[in-house]
Amino acid sequence: MTNSSSIAVIGAGYVGLIQAVGLAKQEHNVLCIDVSEERVNQLQAGVPPIYEEGLEDLLGEVIEAGRISFSLDIITARDCNTFFIAVGTPTDDKTGNANLSYLYSAIEDVSTIAPNGAVVVVKSTVPIGTCERLQNRLDELVPNKKLAIVSNPEFLREGRAIQDFFHPERVVLGGNNKNAIATIRDIYSAFDEAGVPFVVSDWFSSETIKYAANAFLAMKVTFINEIANLTQTVGGDIETVSKGIGLDSRIGEQFLRVGPGYGGSCFPKDTLALATMARRHGVQQQILEAVIAVNDNRRYMILRRVEDILGQNLRGLRVAVLGIAFKANTDDVRDSSAISIIHTLLDEGMVVKAYDPMAKYENNDHNYTQSTSIEDAMNGADLTLIVTEWEEFKDYDYNSQLQSVQQAKILDLRLSLKPRQLELADWNLNFIGINSDTK
Ligand code: ADP
């Protein structure tokens, strides 16, 4: 299959870049536009600005095949007839609403060059009602061009995004223009052929699906974390409890692992945007608001566990924080729970040395440093705190550090070391959600 018509992807961030590279691999001709000169230069040289497994190879392959190009200038997209918009919609700190300024700016750019009848696909996560407003905006800007907005939310998981692109569990398309929807479905014909379900709807339902899916998953994560507080205190082992409930197919095992609380570029932003949006419309989402509050408080639950282990006065004690990324296999630190935990520990006067195989985090607090190895982070530590579920932390020979730590104490927020408890018998090994008195 060779598709000669060109596709433009506007925004070469996480979402846009995977979309662009994925479509190019499916033999579409793709032009990827970004406003960041640094990003475009890097991409032209085959260097992805983010870490995602398999991305660099795939990028190299599609560049080599001549299926993708990168540009700063929207004018270069004038021969494209489909425009995927994948610019960021970050949370506005003051209002909690999604900031749509990048989106509107991208839409205006596209309107200046798009040919008549072009389709503009919104991949960015946007508040419910935005696509309708974008359509009105386009109709106002270029009434004669008959550009059509289609909503097509992404459901990629960071760390598995390439695989998710090629094997989606569903494709959601929303809009009121049948031809425009058919055009996008045609671009996604490989998914149709593979039997992937398509959910075709109006704009509003499509936009809601994205938010509701993330809200539901955030709720699952938060739910199990709250149950973990119970097992921790009253008795029991959260891992067994997760398994016992997750095997019920109505519930499902995924997103039932105890941890430091959800983070990343989607859940915190999308839950907050949905809750704020709902309030504005007078239909407060009480469950979701509770989820957000419980997740925000998670760091204090963890602080309490640290106090259980080290005592009430944490000032001057040293902690090695293993993991900065919000989850393994990514360098993404946006809204990472590791960072909120680091802040909480610094506020207590602790001296924090953090290590992550990929992610970087800078902080001017004189009590904070980022280490370049597990050894360096653990040197002199009173507590080693495992926050991100990197394989490197699961497999590490902690016994080799028994001599260099101040206190042989570990708090494992991911239960990564649970299978190795015997081997780590010289350590005071602590988990969350597991009450050690449990028989
Ligand atoms: P996400 O994680 O949702 O993909 P990012 O913020 O990582 O979001 O990426 C968004 C990208 O979109 C950035 O690279 C940014 O430079 C780019 N961008 C923002 N506004 C525009 C625009 N008007 N035209 C092209 N690219 C844009």
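The values are calculated or read from the model by the stated rules, or taken from the named source; none is laboratory data. A quick note: this is a predicted structure, and the numbers were derived from the prediction, not measured. Heads up, the Cβs are rebuilt from the backbone with ideal geometry, glycines too, and the neighbour counts pull from every protein chain shown.
Mind listing whichever residues of region 106-127 are modelled with pLDDT of 95 or more, under 13 Å from residue 151 (Cα atoms) and more than 11 Å from the ligand (Cβ to nearest atom)? Listed by number, the residues that qualify are 119, 120, 121, 122.
Highlighted here are the strands (runs of 3 or more DSSP E) found entirely within region 363-428 that include at least 2 residues which are not hydrophobic (A, V, I, L, M, F, W, C): 368-370, 409-412.
Would you confirm whether any residue within region 315-322 is within 15 Å of residue 411 (Cα to Cα), part of a loop (DSSP other than H, G, I, E, B) and over 24 Å from the mean Cα position of the chain (by Cα)? Yes, that holds for at least one residue.
Residue by residue, here is whether (1) assigned by TED's automatic domain parsing to the domain that holds residue 229; (2) closer than 22 Å to residue 231 by Cβ; (3) surrounded by fewer than 21 Cβ atoms within 10 Å (Cβ to Cβ); (4) at pLDDT 95 or above holds:
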| position | (1), (2), (3), (4) |
| --- | --- |
| 378 | yes, no, no, yes |
| 381 | yes, no, no, yes |
| 392 | yes, no, yes, yes |
| 396 | yes, no, yes, yes |
| 405 | yes, no, yes, yes |
| 411 | yes, yes, no, yes |
| 416 | yes, yes, no, yes |
| 425 | yes, no, yes, yes |
| 439 | no, yes, yes, no |
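Hey, any hits in region 405-416 for a residue that's of a type in the set (Val, Ile, Thr), more than 30 Å from residue 93 (Cα to Cα) and over 19 Å from the mean Cα position of the chain (by Cα)? So far as region 405-416 goes, yes, one or more of its residues are of a type in the set (Val, Ile, Thr), more than 30 Å from residue 93 (Cα to Cα) and over 19 Å from the mean Cα position of the chain (by Cα).
Apart from one condition, residue 234 fits all of (1) over 17 Å from the mean Cα position of the chain (by Cα); (2) of a type in the set (A, V, I, L, M, F, W, C); (3) on the phi > 0 side of the Ramachandran plot; the exception is (3).
Restricting attention to region 318-346, and to residues there that are among the charged types (D, E, K, R) and modelled with pLDDT under 95, which single residue is surrounded by the fewest Cβ atoms within 10 Å (Cβ to Cβ)? Across region 318-346, the extreme among qualifying residues is 331.
If the condition is being of a type in the set (Gly, Ala, Ser), more than 23 Å from residue 427 (Cα to Cα) and free of Cβ contacts under 8 Å to residues at least 40 places away in the same chain, then region 291-342 contributes only 293. Of the helices (runs of 4 or more DSSP H) contained entirely in region 1-103, those carrying at least 3 residues that are more than 13 Å from the ligand (Cβ to nearest atom) and surrounded by 16 or more Cβ atoms within 10 Å (Cβ to Cβ) fall at 14-25, 55-64.
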